[in-house]
Amino acid sequence: MFEDDETLQMYIEESLEHLSDIESDLLTIEEGGEDIDIDLVNNVFRAAHSIKGGAGFMGLTTIKNLAHSLENVLDLIRNMELVPDPDRISVLLKGFDKLENLMNNIQSSNDEDVSDHVQALADITKASLPEEKHDLVSGVVNLELTDGRVFSQVSQYDLEQRKNEGHFIFLVEYDLINDIHRQNKNPIKLLETLEKTGSIIESRIDFESVGTLETWTAPTRIPFQILYSSIIEPDMADTLFGLNSDAIHIISDDMIRVSEAAEGSIPQAMPSIEKPAEQIAAVEPAPAPIEQTVAVQPPVVEEIPVVEEQVTAPVIQKKATAKANRQENGTAPAEVVSKSMGSLRVNVNLLDTLMTLAGELVLSRNQLLQGISSSNGKATELAGQRIDMITSELQETIMQTRMQPIASIFTKFTRVVRDLSKQLGKSIDLAIEGKEVELDKTILESINDPLTHLVRNSVDHGIEATHLREKIGKPKTGTITLKAFHDAGQVNIVISDDGKGLDPERISQTAVKKGLRSEQQIAEMSDKEKTDLILLPGFSTAEQVTDVSGRGVGMDVVVTNLEKLGGIIEIDSTTGKGTTIQIKLPLTLAIIPSQIISVGKEQYAVPQVNLDELLRIPAAQVKEKIEKVGDADVVRLRGNLLPLLNLSEVLGIKKTYVHPDDNVEHEDRRTAISDRRSFQMNASGRPLDGQERDSDAQQNERQGKDRRYHASSAINIAVVSAGSYKYGLVVDELKDSEEIVVKPLGRHLKRCSGYAGATIMGDGKVALILDVSNLGQMAELTTMAETERVSKAAREAEEAKERARDKASLLVFKNDENEHFAAPLNLVERIERITSSSIELVGGKKVVQYRGGTLPLYELSQVANVGTLPEREQQEIIVFKVKNRELGLMVTPPVDAVEVSMDIDDSTLKQACINGSMIIEGHTTLLVDIFGLVKELNPDWFEEEKAAAAEMTEDGQKVILFAEDSAFFRNQVKGFMAEEGYKVITAEDGAIAWDLLDKHKDEIDIIVTDLEMPNMDGFELTERIKTHPEFSHYKVIALTSLASDAHVAQGEKVGIDAYEIKLDRENLMKVIRRYLTF
Amino acid sequence: MNETANAIKARSMELATFYVGKALCGIDILNIQEINKHFEVTTVPQAADYVVGVLNLRGRIVTILDLGKKLGLSQIEEDKNNRNIIVRSQDEHIGLMVDSISDVVTADTDRIESSPSNINGLKGKYFQGVLKTETSLIGILDIEEVLKE
């Protein structure tokens, strides 16, 4: 094998560069199908071709063979003789994968077996050829030169193809030493030049003639033979090759002999003709590169897309055997095979910028030194400023060299998705957005595997099989979207699919089955929490372990890997709609923005990624804001309970304080936060903070270190979150936010899991970086989900309490200045203001001309024993609509709408037209009975009802079952039902109503129920009635005080027939009548 | 010429000696990066008790161990003669806090004897050997053994 370090490196680098674009090109070609994009195919063809050319020269026979087979197929596609269908492209892709793999392990490449690939490719080539030409593909011929030497084993197919294209075929003999090195030429460049005017069929080096190190005599010539075809006429050939005509052989048909060589034998270069003796003598020892026959470590360019795992596995094995062989021979050391140190491609402009900055830095340093030595404060300051700026710029630029577009890993997924979906028989499109987003190289490398896993998961489990998708009316082709974007100094990567989504029930059942959670725990979980169980260690969603994603790694591995990078993962899934997984990553790991905090004497850094907000609870509010739940301190933050974690406690830092009296450090014995105030009073006998304000200034002056004085008695909390944890970190002081450089901790501190590393602060001291997630674990903190549940339970309890009371919207107003009244808002039509002078007194009744008609006006004192209206220039009128007729009630402002719990006292202040009283906003308020009022004033409006009631009595009374927990409403509603002639059976709650229904099932005609009741609510009652075979025919009318949309929806689900507002007597009765009359 | 020098080198080593409690110990000077008296360490809560803290040594984070405690003696007492001996081990720098430092002694390897099971209350396993001088007994520390977590 050729082992010139530089040339080999150059070849590998170039080849890998060629290969890097091939995948996407091939996929595009596949998409195009019969519409062959010649340019694109040519691209790929050229890549294969130049790889082949170089490989022949380097003696990399395996690579050459494979590249050659690939080239043949591509050539057919290029000539429109072959349609690039997915199967063929697959073979090509696999071939190129293998090629790339060989490139990366160049030293062992010749030991690899590529016959499968070569065979598959040859089959394609064959299939496209007419029958009689099939032999050509695998046929080899020898070329017999006029001087009797034989250039053996040339592909017959190649020769035929070239000849068909009208090419002349030349066999050119170069001498690497005399023709190339001595003339300052480069063999690779030579090949490239030749490629421009024709094509290289074969290139071989006669290694035999080089000799070995042992022979001591340096080789005088290295024959390098190229089988070349070109349209250039033979007579022009010597100028083209720059060689004497005796080194150029024109191959004619009669020189071609069918080879009889055994299959698998390696083609050799033909021996060269000995040169005259004097020439040998004149030749000096060969130049350096050729002498270097020592094995070189293969250079590896880092950007190589990772090869499919299936492919890698066998390769590794092979590599191992190759390694073993070599060790036996005792030649090359084993490390030769291993990858060399990472290298990175950097934009030259960037390097130039760095160079300029370095120059600037040196200049500024000189200025600084000058300034210092001449004690010139001004100059020093200026230089300092400059260095400051340059440093920032330098940092930024250097970071940029590490930044790489995410495209390098994103594009790879096109292939992953294509191959997988094909394997699984699914049809899936991959949409990629934000390819240009840049990330630190290290992070980029580390997210490759987690992302691959997630994408595979989406393909395997997310997207349904095609026939299933059709059945449920989804587009046949599933879509997976990969998106990257910047947000708040972080990189977000979103993987979403429109598949079946995650099934929280199945996940939770699996978790139970695997013993990760108990049934009881599951029962308390929300769907989101259940979904998140998938992230637990030891969890794999695949019901069947498939080849695709069931390889023993679960989502937990993904999570762990991402968390190592300071990343966060969030799952959002809707069953049937799809899954969206969002990953948040820091831009870089080396320098991170952090919040500096301090506890005791030390400073700590909390990475900004983990920081949600900073809280400071003033001493005066500690008591009300911080509560104790069980053993844990919690803080109430915007209605949620947030667990608190005292950093000094978790880390076991002894808190000390300097006692003001004796100036000695004491151990601070305070432990709990919630009771610190009372403790302070008892233990030190000092009064409360507030009372000590005056002496504080003086105290602080004397004892700056005493942290127990007022300003520091406040509690400082850094609200942090990581993974499933979210908590408040209680610290002594919150300091600045700084960009810190992360440095690793020594091995003796590896077991301290609370730290993610250390950093050096501006003053040169070391500060530890806190690992938020591990701290939470150490403190055995409940996870966020649990915390949420606790606070949710608390919230629900409170809400339930609120709900237990009936709420209603009321309109409050005054009559006399000191009398407060309220009326149900739903009966109110509108509120008007008129001038008192427009009120007319007609027939003993007050009226006002209103909207083209006459509106009768009343005041409360006409019907109830209340004060009279004060005389004013303007008069507020509440317009009610009863029985389709309007009437106005004159009131005194302010008129306001309120929503209150109906806590009605229906005895103390009850009187005619007043239902009762309640306290609204601190005033005893009388609830006006509008119906009573209308009835009192206009009894004739109700004749119809009377008639109906009378009629009903004749026909037999209708019976209403009425369930209502509030005594006030029960009486009210029962009252007006009875007034209209119904018989009413009342129940205090749903359960009682259910019993009564069973007892009186023959009598009851209709059911009216409140919704919110103890024991059994209206929904449940309705559900029972509607699902019971005997009762399902009953109409159920729900009475509510406030009908929200959610309520209505829930009601519809259980089968409620109608909703009525409690105090809207008229509508309620109308509905009852309607249901009962047909 | 060269060979003789190598032979001499092989036959003798230079030891930096220091006191841990009352015991005089030595470390091959080639293992030592530097000796300093920076004590502005940052304490690391939750670390093993023999960890004094971490120190910024020109941009490197160096763990400082209390050699007394590490060797199973009592804590190094705070004193103006305290020093940190920074040694290299497994690609990292680690500081050993000692009571005070003493001379650099050249020792013939021939004169180094295998260590007894106990030297002034220190376990024998921490020593590569002992060197007897006219006035004292120097225990030569096996750095890797001492630094084992």
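The values are calculated or read from the model by the stated rules, or taken from the named source; none is laboratory data. Please read all numbers here as calculations on a predicted model, not as lab measurements. Ideal geometry is used to build each Cβ from the backbone, glycine not excepted, and the neighbour counts take in all protein chains shown.
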Residue in the stretch A:1016-1026 that is part of a helix (DSSP H, G or I), within 21 Å of A:Gln957 (Cβ to Cβ) and among the small types (Gly, Ala, Ser) present: no
Unmet criterion (only one of (1) in contact with an Asp or Glu (Cβ under 8 Å, 6 or more places away or on another chain); (2) crowded, with 20+ Cβ neighbours inside 10 Å; (3) of a type outside the set (S, T, N, Q)) for A:Leu40: (2)
Verdict on B:Ile85 being more than 14 Å from chain A (Cβ to nearest Cβ), farther than 17 Å from B:Glu145 by Cα and crowded, with 16+ Cβ neighbours inside 10 Å: no
Any chance A:Ala993 is touching a residue at least 24 places away in the same chain (Cβ under 8 Å) and either farther than 22 Å from A:Glu1030 by Cβ or crowded, with 18+ Cβ neighbours inside 10 Å (or both): yes
So A:Ile390, is it over 22 Å from A:Leu585 (Cβ atoms) and modelled with pLDDT of 85 or more: yes
Top-ranked residue of the stretch B:88-112 - restricted to ones that are within 10 Å of chain A (Cβ to nearest Cβ) and touching a helix residue (DSSP H, G or I) at 6+ places or on another chain (Cβ under 8 Å), ranked as nearest to B:Leu30 (Cα to Cα): B:Ser89
Some residue of the stretch A:82-104 being without any contact (Cβ under 8 Å) to a residue 40 or more places away in the chain, part of a helix (DSSP H, G or I), outside the structural domain of A:Lys189 (by TED's automatic domain parsing) and under 14 Å from A:Ile12 (Cα atoms): no
Residue in the stretch A:508-525 that is at pLDDT 80 or above, out of contact with any Leu (no Cβ under 7 Å at 6 or more places or on another chain) and of a type in the set (A, V, I, L, M, F, W, C) present: yes
Counted residues, the stretch A:158-193 - those being assigned to a loop (DSSP other than H, G, I, E, B) and either closer than 29 Å to A:Asp254 by Cβ or not assigned by TED's automatic domain parsing to the domain that holds A:Glu233 (or both): 3
The stretch A:738-780, residues that are among the small types (Gly, Ala, Ser), out of contact with any helix residue (DSSP H, G or I) (no Cβ under 7 Å at 6 or more places or on another chain) and either assigned to a strand (DSSP E or B) or within 13 Å of chain B (Cβ to nearest Cβ) (or both): A:Gly746, A:Ala756, A:Gly757, A:Ala758, A:Gly762, A:Gly764, A:Ala767
Positions within the stretch B:53-67 being more than 7 Å from chain A (Cβ to nearest Cβ) and in contact with a Lys or Arg (Cβ under 9 Å, 6 or more places away or on another chain), in sequence order: B:Arg60
Members of the stretch B:42-52 that are at the interface with another protein chain (Cβ under 7 Å from one of its Cβ atoms) and either touching a strand residue (DSSP E or B) at 6+ places or on another chain (Cβ under 7 Å) or part of a strand (DSSP E or B) (or both): B:Thr42, B:Thr43, B:Val44, B:Val51
The stretch B:13-41: number of residues that are within 14 Å of another protein chain (Cβ to nearest Cβ), at pLDDT 85 or above and closer than 21 Å to B:Asp79 by Cβ: 2
The stretch A:568-591, subset at pLDDT 80 or above and surrounded by 20 or more Cβ atoms within 10 Å (Cβ to Cβ), residue farthest from the other protein chains (Cβ to nearest Cβ): A:Gly578
Strands (runs of 3 or more DSSP E) contained in the stretch A:826-867 and holding at least 1 residues touching a residue at least 60 places away in the same chain (Cβ under 8 Å) and assigned by TED's automatic domain parsing to the domain that holds A:Gln911: A:828-835, A:853-858
